[in-house]
1. State, as an integer percentage, the relative contact order of region B:145-311 based on alpha-carbon contacts under 8 Å between residues 6 or more apart.
2. Which cross-chain or sequence-distant (5 or more) residues have an amide H under 5 Å from the amide H of C:Phe123, H modelled 1.01 Å from N in plane?
3. Counting every Cα pair in region C:79-152, what percent are over 18 Å apart?
4. Which percentage, to the nearest 5, of the DSSP beta bridges contained in the protein assembly as shown is antiparallel?
5. First select every other residue whose beta carbon is under 15 angstrom from the beta carbon of B:Ser252; then total the charges, Lys and Arg +1, Asp and Glu -1.
6. Under the definition of partner shielding as Cβ atoms of other protein chains within 10 Å of a residue Cβ, what is the mean value for peptide C:330-342?
7. Can you find, among D:Thr281, D:Gly213, D:Val296, the residue farthest towards the positive end of the dipole of region D:145-311? Put +1 on the C-beta of Lys and Arg, -1 on that of Asp and Glu.
8. Where does each of C:Cys328, C:Cys290 land when they are ranked from fewest to most other beta-carbon atoms within 10 angstrom?
There are 4 protein chains.
Amino acid sequence: MKVGIINVTGYAGCELARILYQHPEARLTSVTGRSAAGQNLAEVFPHLASLNLSITPELEGSLDLVFSALPHKASAEAVIPVLEQGIKVIDISADFRLKQANEYTEWYGVNHPDPSYLEEAVFGLPELHREAIKQARLIANPGCYPTSAILGMAPAIKHNLIENDIIIDSKSGISGAGRSLGLTTHYSEVNENVMAYSLGGHRHLPEITQELGALSSDTLSITFLTHLIPMTRGILSSCYAKLTPEYLENGSDPTARVRAVYEEFYADHPFVTITPQPPQTKQTLGNNRCLVYPTVDQRTGRLIVISCIDNLVKGAAGQAVQNMNLMCGWPESMALETLAVYP
Amino acid sequence: MKVGIINVTGYAGCELARILYQHPEARLTSVTGRSAAGQNLAEVFPHLASLNLSITPELEGSLDLVFSALPHKASAEAVIPVLEQGIKVIDISADFRLKQANEYTEWYGVNHPDPSYLEEAVFGLPELHREAIKQARLIANPGCYPTSAILGMAPAIKHNLIENDIIIDSKSGISGAGRSLGLTTHYSEVNENVMAYSLGGHRHLPEITQELGALSSDTLSITFLTHLIPMTRGILSSCYAKLTPEYLENGSDPTARVRAVYEEFYADHPFVTITPQPPQTKQTLGNNRCLVYPTVDQRTGRLIVISCIDNLVKGAAGQAVQNMNLMCGWPESMALETLAVYP
Amino acid sequence: MKVGIINVTGYAGCELARILYQHPEARLTSVTGRSAAGQNLAEVFPHLASLNLSITPELEGSLDLVFSALPHKASAEAVIPVLEQGIKVIDISADFRLKQANEYTEWYGVNHPDPSYLEEAVFGLPELHREAIKQARLIANPGCYPTSAILGMAPAIKHNLIENDIIIDSKSGISGAGRSLGLTTHYSEVNENVMAYSLGGHRHLPEITQELGALSSDTLSITFLTHLIPMTRGILSSCYAKLTPEYLENGSDPTARVRAVYEEFYADHPFVTITPQPPQTKQTLGNNRCLVYPTVDQRTGRLIVISCIDNLVKGAAGQAVQNMNLMCGWPESMALETLAVYP
Amino acid sequence: MKVGIINVTGYAGCELARILYQHPEARLTSVTGRSAAGQNLAEVFPHLASLNLSITPELEGSLDLVFSALPHKASAEAVIPVLEQGIKVIDISADFRLKQANEYTEWYGVNHPDPSYLEEAVFGLPELHREAIKQARLIANPGCYPTSAILGMAPAIKHNLIENDIIIDSKSGISGAGRSLGLTTHYSEVNENVMAYSLGGHRHLPEITQELGALSSDTLSITFLTHLIPMTRGILSSCYAKLTPEYLENGSDPTARVRAVYEEFYADHPFVTITPQPPQTKQTLGNNRCLVYPTVDQRTGRLIVISCIDNLVKGAAGQAVQNMNLMCGWPESMALETLAVYP
């Protein structure tokens, strides 16, 4: 099967190319890029030289599935014509993640190019929507922060363990800010430094609210705060919510009960592991796994969940390949079995 | 005036020596260390060669004030005889921070060597206890995490802005784990990595609870979670608490009102700055400042406070010198005026 | 085929386990470790949980090939009995690399446990000794520095391009210092720092001299200096030697002629790439490739060669698997095809 | 005395401001910047808030001495009118470092704006030109790499210890590449990475050749190669040259003799220390010291010198203040006494 990547020159795009290189069924045959069009992929990314591809301004040749790694708005504009040719699309941008067009406008500051696709698009988090993904022709690949946050809190919300007030404190490596240039990606500015950002509200919040909200009978109140820390890859989200009094009183050892709920929830999902010890982002480097550690702060009756991913793999390109595998009827883990690179 | 440092060979000890080198009134004349006794200070710390001191097993010469940078328990045992000679003591360990001896036993796993000093000792956070510090002969220098957390939340608690349920999510550089060897200080293990630790409860929690609790008419419920991030120095604490409904309803623009409370609270304190933008730890490197940024998450009515320090300066050695300055009647900022090293 | 690893608990050992997990022919069935014996491999290395192995004090079950990742001396003592059972051995320690037992004694400070194996052992650098490796039963896997240095200088020496005086200035990530604890692996000591070390002579020098010397009709004079830089993985060696006057005068554009020699030398070797631009260690992360960039400093007539590897892959575990593939008649690249993890 | 900084918004400029803040004689009263004109200095650099200065498009008020931290060419154009007003100038750019205008054109690709000043300008390395600096009205502050390299090799050349063929392999932190944006300052590209660059010749080579050449009776052949390593500040240069046969034969223990030459050479210079152990860049962080360690590779008769500085202090702003102190008749170390920030 032949696949293409629109905008291979960002980090999500080049990571997709890296993973697809080891895919036994999907062959990457066309990659596009704007400023780099005309160059060999190896000139921009020497580590991808083995792919032996040229970057073209537009997709070339017949393709069965296309990934888009364009920024929002540009992505919708580019993939709708692809869809209309009958080609499956996995969109890594934010363009099809939100079900409500007005929310898109509110958070992204532009009107959606074509809201008619919002209902059809499937939010590509296999642990919540695996069956719908299998049938989909348009996947909205989740954001990196939402992947860690939703996987961290979904079991607790779905099973009514907690009250509706949730805090998600996320720490991300710098590659989450992309390959574009700016002071927040400048080495000397961000090395030996940690900062909180987007205190007025991060664009990934509405995705989290939408997906966790759909699991709850209640309206959720979510505070979501993002931080940049001096490492290249990885997101660790620390999630906090009060256990309900009923749950706390309803038996002994709430941590063991919570862990059992989480293990059951993800029993059938190969890429979420409930870890026996608090996980570290390094344990996911280059790998598609999400490591989740739920525990209870006994002094306050609060659930704490630590959730770790590689933002470019489970948070972007790896999850996109996982979605492709499901859409194409291949084993969900195909090309995603390699272990994390540690240390 | 002559001062000494017991156990100069850890990071707090050598940072004290660095700061004292530029102090115009206090002269460092005696430093001790256990395994390094007999060596010149320059052999262990080449950057301190200008001090031209030898490390001795015990303090030498007549001294007016002594800092102890020993681990807990050993520190109390070492400084009580010093106190009894009439020498002022600033203890950087945890030994005199908690007012309740049973709390000490609970968190440190040993009985306190001499609880009779717990009442006398002054918790050395000048922004809360300046007048008592001026009169003290025994200072319990606060922990690094508590310094950032208490300074971040004290105004909100003192002025009843918030409900009694508080979350403090702290991110620390690796030097906070000290100079001793272990996998959590091993470069290859912690570089390109972030981890939460002490999920069962960190030893700095009771200090935070004690000091913030003393400002509140209510009993506080505090969840405190610590993370190691890949940088050498710096702590950033992200603090979360619901504003009370009364406060939220009582006027317009809660962020502006909160900021005014914070600015007033610290108006007279040279080392706490309420910043116009979210602060970064790098803005405090090598410097005694605490940068505090309070804001309100309008969607949830939650107060968010970001608080940054250099864990070895305002979180340890710089604060110790600030305390010495107060105890000795010198200007509070003496030897602490140098700006942060940026980038 | 069943393989075992003696001392899986260091970085070379756990990296071997990671790579073997994706090997279609070799199955890792036994791993040993001293202090960790009795633990599940996942307890020590969570990223290896999928291997589902227990660490035992001694190798267990029938095995066809054994890797040893023990320190020197201990390794020879452990693998000789294995060899004598007729099992092939790939030794990652230094114990069989030097052909002269007295050199071993000089550099390692102990007598060799059994010098009778030194002649038989094959220095496991496939780009120099591929045919011998295919026939070998005992492989001395090269050191990480020597791999980068020898691959960088071998073509120039073999083809008499340079005079016999060579400088190799190598920069290594901290994982090269292993997983054991010490100030040179302590994060706060080595982060934001660079240092030269072993100025009196690094143990990897005699390997380099032996292997490069065997390619030369002349006696080589090699200065080899090693540096630790603040990153986890990667070695970059900058190699300097004067081109001979004959070579410089013998035609136009010495850089082009040198590049042609290098390309020809490695034409048949899948893991050495002569790069069009100066390479970066990041382009090899997690990957078995050695990137080599030869150029000529026109002002001084000096050959400069930049050579990059991942010290734990081509510098240790990946090369060991490459050697196993050759010994077993499998494709040389088996299990080693994954691309570098970038960024 | 009142001083100004032209272009305070780069790293050399803001570091100058940091150091001048603690200077008891020079008061910084005017700072300029192009894109940032009109902003308060604290908006661009929060750590400089205490200076309480506004950034203006042009220098303001009467000034006694001006530092320029503009890029080359723009700097000469800006400072010549200042000089002509009778104000002393310390130029941190490359515009007045080279004595030959044609060399400037060759390396910087533009004609010098006014070569008539090249003879008058004094190369501001106090360890070589202290007396001339005291009399100068125009100082060409040396580049960061040349400072480390020249200080590392000057004694050996001056005293004819070595042959005329020298290799300087330098490793720099990323701040050396400035605050401007590009892939070589992008965190995700340069973190966990090391690369050689400017293999065709780095612009700092002619400065090194000029200054070391002036100490030699012979013509020097210098290979100079620069590397970027993942840290913010610091340069370590490893310098290599053959000792002359006469020197080697002329007595016992060449290392001791070389060290004696170096110690004597710098005996009167407060900012160069001949270290007993190989130095580390971290031992200079934020500090104006150059640490030099000469030794002899006994196997090859080669002198190896390790030289460390903080590229923004002794390599730029600190050295500029040292020059100002000399020009103004103040103690050479004024405002430069603070110790390195370690760890």
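Just so it is clear, none of the values below were taken in a lab; they were calculated from the coordinates. Note that this is a predicted model, so its numbers are computed, not measured. Please note: Cβ atoms are built from the backbone with ideal geometry, for glycine as well, and neighbour counts cover all protein chains shown.
1. RCO, region B:145-311: 32 percent.
2. C:Ala140
3. Cα-Cα pairs in region C:79-152 separated by more than 18 Å: 39 percent.
4. Bridges in the protein assembly as shown are about 50 percent antiparallel.
5. Net charge around B:Ser252: -1.
6. 5
7. Going by the charge dipole, the pick is D:Thr281.
8. C:Cys328, C:Cys290
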